[in-house]
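Here's the structure, in structure tokens; my notes come after.
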Amino acid sequence: MNLDVPTLFVVVSLMSLVMGLWICVMAWGQPPEDPRWAWAWSLGAFTCAQLLFGASHLMSPRWAVTANAAAYACTLVLMLLALRRFYGLMRRSFWLWSPALLAPLSAFVLFEQLQWRVFCVSLVFMVQIALILRVLLSPKLQHQGRGRFMLVAAFAFVLVILLARLVLVAGEVPINNAALGSERAVALLIVAALLGVLSNSLGFIYMIMERAERRNFELAMQDMLTGLQNRRAIADQLAMAVARARRQGQVLSVLMMDIDHFKRVNDNYGHLAGDKVLQSVAQTLQSRLREQDQIGRFGGEEFLLILPDTSLEGALTLAEDLRAAVESSPTTWEQQTIRVTISIGVWGGLISPADTADTLVGAADTAMYRAKVGGRNQVAH
């Protein structure tokens with residue numbers, strides 16, 4: 001099957017341009033630091049590279065090769081920049097742009113020495129892709145979703161092609177302009193470029209969409225003020241904990257906690273101060289929990305704590321520690337010190353067939369009411 005080179009140039013250029021405009025629409029209204037802007041610019045650079053390659057016969061061969069190398073290098077620089085911004089690596093690194101100078105410089109200086117030119121420019125591109133893969137595979141970064149795997153696979157494929165090209169040149173396999181410029185070779189190169197830009201860009205868009213979906217899910221399950229789980233989320237966690245404890249025959253404890261006289265805080269200092277107190281108490285409580293413990297804001301100034309595999313005695317010990325920690329951790333608000341205490345109700349023991357999440361919450365809430373009636377700032381069960 002014969003591939004028409006001019007048609008392929010038009011298709012690849014239009015595809016990269018349309019995809020770049022699509023990403024621009026996705027990023028519209030976002031600040032310039034948004035990673036989508038950098039990726040859109042990378043597609044613009046890729047489109048320029050394709051057009052320069054297709055119009056190379058209209059300009060000096062040396063300058064055409066130099067400009068093409070610069071455009072491809074800029075494409076990879078901007079892709080790396082977009083990924084660094086996506087992962088929050090916002091520190092300015094001017095060295096990222098060095099390939100955009102090194103690749104065209106190598107192409108210009110070594111224009112007459114074809115094998116050395118191919119070797120050096122390919123090596124620059126390989127280093128750029130290696131830096132991209134380093135970000136995508138870094139164990140220090142939080143990686144989730146399938147979009148990253150699409151990017152890793154696409155960039156790894158391009159890296160293998162460049163490595164094969166590098167090996168051929170290093171092995172002194174004869175390379176000449178006629179072979180590189182044959183219609184079949186050019187057509188295959190264009191098809192590879194089309195597949196690369198499609199898979200890379202779709203992978204990046206997938207990553208953006210997956211992050212947005214995760215963020216929406218977190219917002220639906222998180223209390224925005226304290227950062228803890230909201231009532232719906234902590235209730236779901238309790239239902240699962242009850243089912244697991246019943247199935248495995250383990251003990252389970254539940255704590256219901258309420259800030260004493262919280263209305264006075266709002267009345268005396270204002271609602272913003274009350275919000276600050278809620279945040280401070282939430283942070284104090286969370287800092288003293290184990291990894292497997294679950295805490296959420298149950299409503300207003302109430303917090304629900306789930307302690308898997310914890311007996312009543314262990315729960316009472318922790319509850320007293322939490323009560324003392326809140327009492328000794330005042331909140332600072334506009335140069336004022338706001339001291340609060342909490343009352344805690346505890347339920348703990350083996351789960352019976354009649355126990356449900358609601359009955360456990362009810363039992364812990366009743367115990368908390370006894371702590372309130374008994375004078376507040378205490379633990380009851």
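The values are calculated or read from the model by the stated rules, or taken from the named source; none is laboratory data. Owing to the predicted nature of the structure, the values given are computational and were not obtained by experimental measurement. Methodologically, a virtual Cβ is constructed for each residue, glycine included, from the backbone with ideal geometry; neighbour enumeration extends over all protein chains shown. Please note that ligands, DNA and RNA were not included when accessible areas were found on the heavy atoms of the full protein model with its side chains. Shrake-Rupley method; radii C 1.70, N 1.55, O 1.52, S 1.80 Å.
Of Ala73, Ala82, Ala130, all but one fail to be over 20 Å from Arg36 (Cα atoms) and assigned to a helix (DSSP H, G or I); the exception is Ala130. Taking the criterion of being surrounded by fewer than 20 Cβ atoms within 10 Å (Cβ to Cβ), touching a residue at least 60 places away in the same chain (Cβ under 8 Å) and more than 17 Å from the chain's Cα centre (by Cα), the only residue of region 195-211 that qualifies is Leu198.
Within region 84-112, the residues that satisfy the criterion of being closer than 21 Å to Ala40 by Cβ and surrounded by fewer than 23 Cβ atoms within 10 Å (Cβ to Cβ) are Arg84, Arg85, Phe86, Tyr87, Gly88, Leu89, Met90, Arg92, Ser93, Leu96, Trp97, Ala100.
In this entry, Thr317 passes the filter for residues that are free of Cβ contacts under 8 Å to residues at least 40 places away in the same chain and more than 36 Å from the chain's Cα centre (by Cα).
Here's the yes/no breakdown for (1) of a type outside the set (Asp, Glu); (2) under 30 Å from Gly270 (Cα atoms); (3) out of contact with any helix residue (DSSP H, G or I) (no Cβ under 8 Å at 6 or more places or on another chain):
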site	(1), (2), (3)
Glu291	no, no, yes
Gly299	yes, yes, no
Leu307	yes, no, no
Arg323	yes, yes, yes
Gln336	yes, yes, no
Asp355	no, no, no
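Counting only strands (runs of 3 or more DSSP E) that sit completely within region 315-381, those holding 3 or more residues that are over 24 Å from Met240 (Cα atoms) correspond to 331-333, 336-338. For beta carbons closer than 9 Å, sequence separation of 6+ or different chains, a first residue in region 155-166 that is open to solvent by 90 Å² or more (accessible area, probe 1.4 Å) and a second that is among the small types (Gly, Ala, Ser) and at pLDDT 85 or above, the qualifying pairs are Arg165/Ser122. Count of region 216-231 residues, restricted to those that are modelled with pLDDT of 80 or more and either loosely packed, with under 11 Cβ neighbours inside 10 Å or acidic (Asp, Glu) (or both), is 3. In the set (1) farther than 18 Å from Gln294 by Cα; (2) free of Cβ contacts under 8 Å to residues at least 40 places away in the same chain; (3) open to solvent by 40 Å² or more (accessible area, probe 1.4 Å), the condition left unmet by Pro353 is number (2).
The single condition among (1) modelled with pLDDT under 95; (2) surrounded by 19 or more Cβ atoms within 10 Å (Cβ to Cβ) that Phe303 does not meet is (1). Is it the case that region 23-32 has a residue that's farther than 23 Å from Val127 by Cα, among the hydrophobic types (A, V, I, L, M, F, W, C) and loosely packed, with under 15 Cβ neighbours inside 10 Å? Yes, region 23-32 has at least one match. Residue pairs whose Cβ atoms lie under 7 Å apart, separated by 6 or more positions or on different chains, with the first residue in region 129-141 and farther than 15 Å from Gly203 by Cα and of a type outside the set (Ser, Thr, Tyr) and the second in a loop (DSSP other than H, G, I, E, B) and open to solvent by 10 Å² or more (accessible area, probe 1.4 Å), are Leu141/Tyr87.
Each row is one residue, and each column tells you yes or no for (1) of a type in the set (A, V, I, L, M); (2) under 23 Å from Ala363 (Cβ atoms).
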| site | (1), (2) |
| --- | --- |
| Ile259 | yes, yes |
| Ala273 | yes, no |
| Val277 | yes, no |
| Gln292 | no, yes |
| Leu304 | yes, yes |
| Leu322 | yes, yes |
| Ser328 | no, no |
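For the residues Leu151, Leu188, the requirement of being in a helix (DSSP H, G or I), on the phi < 0 side of the Ramachandran plot, out of contact with any Cys (no Cβ under 9 Å at 6 or more places or on another chain) and modelled with pLDDT of 85 or more singles out Leu151. Can we say Phe119 is in a helix (DSSP H, G or I), among the aromatic types (Phe, Trp, Tyr) and buried (at least 22 other Cβ atoms within 10 Å of the Cβ)? The answer is no for Phe119.
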